Amino acid sequence: MTEQKLHRLWQHIELSENWLECDTSIIDDLSPSWFKRREILQSNSKEYQEFIIELKREHAIETGIVERMYDLDKGITETLIKKGFVELYISHNDTNITVSKLFSHLSDHLDAVDFVFDVVKENRDLTVSFIKELHALVTRNQEYAEGRDQFGNRTKIVLRKGTFKIHDNNPTREDGTKVLYCPPEHVQSEMENLVSFYNDAEDRTVHPLICATWFHHAFTTIHPFQDGNGRVVRLLASLILIKHRLFPFTVLREEARAKYIDALEKADVNEFQPLVDCFAEVQKRCIEKALNLKEVSSSSFDEVVDIFSDKIENWQKKTVVHRESHLIEARNSVFDFCFKQLKSISNQLKSKLNGNANITVQQCSFVKEEGQDSYYEQIVKYAHKHNYYFNRNYPKGWMTFRIKLAENRIYQLCITMHHYGYDDTTLVIGAFLEFLIPHESQIQTGDALPLEIKPHVISLAGDVTAKEKNIIAFVEKAVTLTMAQIASEL
């Protein structure tokens, strides 16, 4: 008889230096603009209030789908997020469980998210007793958990709510490996250690993204409850992030296996960066949506007049020379980072292509007046495709990377820098690829070509030079995808 392989996932809790060395620039490049904009939206914006409500509903729905408690049609999911949890919106074929059972789970999850927000608002400490209280709430309408009898057969066991496990809950992977979480007799002490390490990290001002990610992973290695661990730990990670002016950690169904589970498994073998990146990408997604929200959305004349008056007064104050000069300097630095990298790539390619292609790089910086209307239509289309507001009231710049293979085969990558959303410190770097058509003495734009690269959104506030690394990476990726697209057509 073959001996079963064992993988001891749980180790005594600690916050190692490897965690502290993880790169958080995905979020750091953008967060200064968000923290500034957040204060404004919290004061006036009804759109922002509704956005937070929708984020809560999204978390409540998706957390159960990720845990395979139920399935729910994607279209109906969008309806419930926008309009609220109303049973009349659901038909029998939209879910794989009864509608009443689905809504009991959704109600528990939503109440738990609300509870987390309230705890942050009340500045309540994170304690072991609070974690148990949260588990009882999120599993309020769940009667059973999956378990195994003494013969190894799957069975249902009564779920202990708000109480740590008294039996092992060690799953067996598809390859037959048995994963060993923390034994029941050590759970209480390990959870106390986890909370203690978390409080120490807060005192040391460890980056909240690292703090939330580490806490999430450490909790999963303990697996303190018989069931509901995933739902609870995503809420606890959300609490840490919300406390630091960020958003709930919501894993969407389409990214659960491809990113989230894979990143967790890598963290199990001390490769922590992918999980930090996973957390950062969720926050970046939320911040980018929030930066597109309008501050003024009231239909009341008196209310709008008051806001309008305050806005004009604040706008006049913002136009002081020092602030404007900082924004100009920051924009120009971003432009220089992009152009320097594009020129460097151009020189590298010229030396490798042996004259088989003509490569030229052109630019139109923020400070130039001529050519500023160029690519306006393409930028509008690009912003629409990626679902953000292109703020045309602020300066924009662009540069092109043209590859000419023959008189009738010319490709052009355009990298554009323009303002994103309603905040003047938020800049987006975008890229689109075009096929150019010679026409008499001029070259005209032809068809747009596929270039699957998301816009890179950054904040002009703070130290812009710290964002150079990711800006350069974006430009390099855009050129790489351009060459791949051209190569596939040859």
Next item on the list: Report, in deg cm²/dmol and to the nearest 500, the calculated mean residue ellipticity at 222 nm for the chain, where each DSSP H run with n ≥ 4 adds -39500 (n - 2.57) and the sum is divided by the residue count.
Entry: -16500 deg cm²/dmol
Check: Points 7 angstrom from Cα along the Cβ direction at Arg154 and Tyr70: gap in nanometres?
Finding: 2.0
Note to self: Full-extension gain between Glu281 and Asn123, please, as 0.36 nm times their residue separation minus the C-alpha to C-alpha distance.
What the structure shows: 54.2 nm
Check: What is the P(r) of the chain, as percent of Cα-Cα pairs per 20 Å bin from 0?
Finding: 20, 47, 29, 5, 0
Margin query: Taking a ≥ b ≥ c as the square roots of the Cα gyration tensor eigenvalues, with a/c under 1.5 meaning rounded and otherwise prolate when a/b beats b/c, else oblate, which class fits the stretch 6-291?
Written below: oblate
Margin query: Going Cα to Cα from Lys156, which aspartates and glutamates come in below 13 Å? Please leave out same-chain ones fewer than 8 positions away.
Written below: Glu143, Glu146, Asp227
Next item on the list: Within the stretch 322-430, report the GluC sites (Glu not before Pro) that DSSP leaves as loop and that have at most 12 other Cβ atoms within 10 Å.
Entry: Glu369, Glu370, Glu407
Next item on the list: For the chain, find the longest principal axis of its Cα atoms and tell me its angle to the long axis of helix 128-138, 0 to 90°, nearest 10.
Entry: 80
Notebook entry, point to check: With axes computed from alpha carbons, what is the tilt in degrees of helix 74-83 against the longest principal axis of the chain, rounded to the nearest 10 within 0 to 90?
Noted result: 90
Checklist line | Principal-axis tilt of helix 273-291 within the chain, Cα atoms, nearest 10 degrees | finding: 60
Notebook entry, point to check: To the nearest 0.05, how large is the calculated FRET efficiency for Glu174 and Glu271 if R₀ is 25 Å and r is the Cβ-Cβ distance?
Noted result: 0.75
Notebook entry, point to check: What ranking do Asp423, Asp175 get, fewest neighbouring Cβ atoms within 10 angstrom at the top?
Noted result: Asp175, Asp423
Next item on the list: Averaged over every viewing direction, what's the projected area of the C-alpha convex hull for the stretch 321-489? Give it in nm², one decimal, please.
Entry: 10.2
Checklist line | Relative contact order %, the chain, counting alpha carbon pairs below 8 Å whose residues are six or more apart | finding: 16
Item checked: Rg(Cα)/(2.2 N^0.38 Å) for the stretch 1-141, N = residue count -> 1.37
Next item on the list: Could you please rank Thr163, Thr250, placing first whichever residue has the fewest other Cβ atoms within 10 Å of its Cβ?
Entry: Thr163, Thr250
Notebook entry, point to check: Counting only residues 5 or more places away or on other chains, whose amide H sits under 5 Å from the amide H of Leu460 once H atoms are built in the peptide plane?
Noted result: Thr426, Leu427
Item checked: Sparse-neighbour loop sites [GluC sites (Glu not before Pro); the stretch 128-228; at most 11 other C-beta within 10 Å; DSSP] -> Glu143, Glu174
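The numbers here are math on the coordinates, done by the rules we state, and not lab data. This one's a predicted model, so the numbers in the text were calculated from it and none came from an experiment. Here Cβ is always computed from backbone atoms with ideal geometry, including for glycine, and neighbour counts include all displayed protein chains.
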